1. Residues of the stretch 28-69 with backbone nitrogen within less than 12 Å of a virtual label 7 Å along the Cα-to-Cβ line of ARG18, please, listed as ranges.
2. Do the sum for the chain: with -39,500 (n - 2.57) for every DSSP H run of n ≥ 4, divided by all residues, what is the mean residue ellipticity at 222 nm, to the nearest 500 deg cm²/dmol?
3. Near LYS31, which aspartates and glutamates are there with a Cα under 19 Å away, not counting those fewer than 8 places off in the same chain?
4. Nearest 10 degrees is fine. How inclined is helix 36-47 to the longest principal axis of the chain, computing both from alpha carbons?
5. To the nearest 10 degrees, how steep is helix 51-67 against the longest Cα principal axis of the chain, on a 0 to 90 scale?
6. Looking at the chain as a GNM with Cα springs under 10 Å, which of ASN35, ASN59, ASN23 has the largest mean-square fluctuation?
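Computed from the coordinates by the stated procedures, all read-outs in this text should not be read as laboratory data. Bear in mind that the values here come from a model prediction, so they are computed numbers and not experimental data. Every residue, glycine as well, gets a Cβ built from its backbone with ideal geometry; the counts of neighbours run over all protein chains shown.
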Amino acid sequence: MNEHVNNGNWKKLKGEIRKTWGNLTEDELEKAKGNLDQIAGKIQQRYGESIEDAKKRLNHMLENVSEKI
């Protein structure tokens, strides 16, 4: 599943990602440009979390920021 986040949600989601996975760099997140598959892959590399679990957490975060808009 190749999911992309729209620009409005991306800025908010990026902040939540940095709070949760602080070792991901701003540059890595900007290169991913809201592509949740790429971000989940980086989370797996950096933290050893499964891609499936990372995607679930990312989607949950996205739902939360989408509700706030």
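1. Only 28-30 pass the distance filter.
2. Values: 4 runs with 50 residues, N = 69.
It comes out at -22500 deg cm²/dmol, rounded to the nearest 500.
3. Answer for LYS31, where 19 Å is the Cα cut-off: GLU3, GLU16, listed by chain and number.
4. 40 degrees
5. The answer is roughly 20 degrees.
6. Between ASN35, ASN59, ASN23, it is ASN23 that shows the largest mean-square fluctuation.
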